[in-house]
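See below for the structure under consideration.
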Amino acid sequence: MSMIGNFRTTSDADIDELLERPKRIELMLYGEYITEKSRKKGLFSFLKKKETHPDNWRPRDQGDEFDVDKAWHGIHYLLTGSAWEGSGPEAFIVVGGMEIGDVDVGYGPARAFKSKEVREIADKLRGIEKEALMKACDKKKFFKNEIYPEIWDEKPESCFGYVLEYFEDLKRFVVKAAENGKALIVYIN
């Protein structure tokens, strides 16, 4: 199975409501509450059953969605120099923000960043040029640090090109979100 890095804009008010009732993150991301049975894959996975739940909540702001495919870990590593840690706004892909409860939305809980934090992330990303990140593209370091998806032995120029193109797209997405006063949800599924 692949691990895909996802980003979704919303409003600060929706973030507050998600933090109040974390199970709602399933409604926001998937349009329904998910039961444990429906998470299982297999021959009969089409027999998903919606969980009955009295909450008919819907987000006020449907927001925009964007994913960076499997490039999320490489982008994080280039921004922070760390595989799983980091501090400051540049670490937003893997750390930071507020966990939306303990609801597993794929590979752990989603994390929320309020609009003020999104502006800080955007300001940081605006100052980072693709060319500067290219200098940190070292396949030996990527392998040593087990940076997902561990494709670095293939043609390095195309592998790192893949990561850097998604970085540029993510940068545009976050900057637009900040300009529009949006909050951000980050999750891996």
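For the reader, a short list of remarks on this structure follows.
- When residues of segment 48-57 are limited to those that are exposed (fewer than 13 other Cβ atoms within 10 Å of the Cβ) and not hydroxyl-bearing (Ser, Thr, Tyr), the one modelled with the highest pLDDT: ASN56
- Segment 79-90 residues that are over 17 Å from LYS130 (Cβ atoms), paired with ones that are modelled with pLDDT under 95 and buried (at least 19 other Cβ atoms within 10 Å of the Cβ) (beta carbon under 7 Å, 6 or more apart): ALA83/ILE147
- Neighbours by Cβ (under 8 Å, 6+ apart or cross-chain): first from segment 168-180, in contact (Cβ under 8 Å) with a residue 12 or more places away in the chain; second part of a helix (DSSP H, G or I) and surrounded by fewer than 17 Cβ atoms within 10 Å (Cβ to Cβ): GLU168/LYS130; LYS171/ARG126; VAL175/ARG126; ALA178/ASP123
- Residue selected from segment 9-24 under the condition crowded, with 22+ Cβ neighbours inside 10 Å and not acidic (Asp, Glu), by the criterion farthest from LYS176 (Cα to Cα): ARG24
- Per the listing LYS140, LYS176, the residue uniquely in a helix (DSSP H, G or I), in contact with a helix residue (DSSP H, G or I) (Cβ under 9 Å, 6 or more places away or on another chain) and not aliphatic (A, V, I, L, M) is LYS176.
- Screening ASP104 on (1) out of contact with any strand residue (DSSP E or B) (no Cβ under 9 Å at 6 or more places or on another chain); (2) acidic (Asp, Glu); (3) surrounded by fewer than 16 Cβ atoms within 10 Å (Cβ to Cβ) shows it passes everything except condition (3).
- Identity of the residue in segment 8-47, within 13 Å of VAL105 (Cβ to Cβ) and aromatic (Phe, Trp, Tyr), that ends up modelled with the highest pLDDT: TYR30
- Selection status of LYS124, closer than 19 Å to SER82 by Cα, in contact with a Leu (Cβ under 8 Å, 6 or more places away or on another chain) and either charged (D, E, K, R) or loosely packed, with under 13 Cβ neighbours inside 10 Å (or both): no
The values are calculated or read from the model by the stated rules, or taken from the named source; none is laboratory data. Since this is a predicted model, take the numbers as computed values, not measurements. Cβ sites come from the backbone with ideal geometry, for glycine too, and all protein chains shown count toward neighbours.
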